[in-house]
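The values are calculated or read from the model by the stated rules, or taken from the named source; none is laboratory data. This is a predicted model, so every value here is computed, not measured. Reconstructed Cβ throughout: ideal geometry from the backbone, glycine too, with neighbour counts over all protein chains shown. Areas reflect the complete protein model, heavy atoms only, side chains present, ligands, DNA and RNA absent. Shrake-Rupley method; radii C 1.70, N 1.55, O 1.52, S 1.80 Å.
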Amino acid sequence: SRTSIRCDCIEMWKLAKIEMILGFQSFETDLNLTFDVWTVLPGSLDAYLCVTAHWINPNNWVMMKHTITFELFEYPHTDKYLFKILDCVIKTYKLEGNIFSISFDNASNNIVAVRQLKLKYKPICDGVFFIVHVLHISLIWLCKMD
């Protein structure tokens, strides 16, 4: 039944989450977080937040990624609320000392929330790479293709 399938999926997610947390604890490399918030329909207050971790496996130089959060982002969509959720994700996955950069779009609440994360976690290189807008990444890749 759908109830059984739902329970099985939730149990599988819990086990996968524990495995990811344990895996991140043994990291010898830094990672990039990307996040995006989008609304269900234009003008709707319903929105979702997705956070993905990206890193290079130091053993074989293969780029890895995992979606670590996909959840309802309740109204109001303020920088304070976004900071609270992102901070919770970082703590849950024990990533406090492993974040090299964060990529996101230019929404003002995103910019302010990530600045607050930068102040809290004091990343390497004084956080030069901690705030990377998605537009900038696209331009970097275009320049590398020439």
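State in Å² the accessible area per residue of the chain; use a 1.4 Å probe, count heavy atoms of protein chains only, and round to the nearest integer.
Value for the chain: 67 Å² per residue.
Under a cut-off of 18 Å between alpha-carbon atoms, report the aspartates and glutamates in cross-link reach of K120, not counting same-chain residues fewer than 8 places apart.
Cα-Cα hits under 18 Å: D30, D79, D87, E96.
Taking just the C-alpha trace of the chain, give me its Rg and Dmax in Å.
Every Cα atom of the chain included, Rg and Dmax give 16.5, 54 Å.
Along region 77-88, what does the Karplus equation 6.51 cos²θ - 1.76 cosθ + 1.60 (θ = phi - 60°) give for ³J(HN,Hα), rounded to whole Hz, x for Gly and Pro?
Result, rounded to whole Hz: 8, 8, 5, 5, 5, 5, 4, 4, 5, 5, 4, 5.
Express in Å², to the nearest 10, the accessible area of T92 obtained by rolling a 1.4 Å probe over the protein heavy atoms while all chains stay in place.
40
Kindly provide the helix-only [θ] at 222 nm of the chain, computed as the sum of -39,500 (n - 2.57) over DSSP H runs of four or more divided by all residues, to the nearest 500 deg cm²/dmol?
Roughly -14500 deg cm²/dmol at 222 nm, from the helical runs in the chain.
State the percentage of accessible surface on the chain attributable to carbon and sulfur atoms; use a 1.4 Å probe and exclude ligands, DNA and RNA.
Carbon and sulfur atoms account for 62 percent of the accessible area of the chain.
Applying a 10 Å radius around every beta-carbon, put 74-81, 46-53 in order of their mean neighbour count, most first.
Going by the mean number of other Cβ atoms within 10 Å, highest first, we get 46-53, 74-81.
With a 1.4 Å probe and all protein chains kept in place, how do R2, R115 rank by accessible area, largest first? Please list the in-between numbers first.
Values: R2 205, R115 135 Å².
Of R2, R115, the descending order of accessible area is R2, R115.
By the scheme Lys and Arg +1, Asp and Glu -1, what is the net charge of all other residues having a beta-carbon under 13 Å from that of D8?
+2
Which cross-chain or sequence-distant (5 or more) residues have an amide H under 5 Å from the amide H of D105, H modelled 1.01 Å from N in plane?
V134
Straight-line reach from K14: which lysines have Cα under 17 Å away, leaving out those fewer than 8 places along the same chain?
Cross-link targets: K91, K94.
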